[in-house]
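The values are calculated or read from the model by the stated rules, or taken from the named source; none is laboratory data. Here the structure is a predicted model, which is why all the values come from computation and not from measurement. In this analysis, Cβ positions are derived from the backbone assuming ideal geometry, glycine residues included, and neighbour counts consider all displayed protein chains. Surface accessibility is based on the protein's heavy atoms, side chains included, excluding ligands, DNA and RNA. Shrake-Rupley method; radii C 1.70, N 1.55, O 1.52, S 1.80 Å.
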Amino acid sequence: MEKEHKETMYRRVFDHFDEDGDGRISAWELRQCVEAMGGAMTAEEAEAAVECLDSDGDGLVGLDDFVRFVEGGEEEEKVNQMKEAFKMYEMDGCGCITPKSLKRMLGRLGESRSVDECQVMISRFFLCFVILY
């Protein structure tokens, strides 16, 4: 695909997500788009996705972040971002995200969840991961 055509396509998709036209995708906008396409995404999942993609720390996804994500970015960069995100949730020193550590982190983000709800979230993520990879 030609570079110009690809950039135009990325811009069109990005603009679809960017509902308010400010040139950045917020967690709310991401969640609205996913739900409009028939998917489901919690506020916490949207926040985590934006945080993972956000390269300048403003809490929003810019076009460059979006393109980097769509094109796959540098593999090493993706691995490092995933490790950093994982460290935020892995608090028990066991090398995995437990329902208890997820509950604690979500509490810090202002979201109250039970340990059972956190177990369900982890199970869903694991199932999606297995199916996709």
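Averaged over its residues, the stretch 1-73 has an accessible area of 63 Å² per residue, based on protein heavy atoms and a 1.4 Å probe.
Applying 1/(1 + (r/R0)^6) with R0 = 41 Å to the Cβ-Cβ distance of GLU19 and LYS100 gives a FRET efficiency near 0.70. In this view, the solvent-accessible surface of PHE17, computed with a 1.4 Å probe and all protein chains in place, comes to about 30 Å². Per-atom-type breakdown for the stretch 1-64 gives carbon and sulfur 50% of the accessible area (1.4 Å probe, protein chains only).
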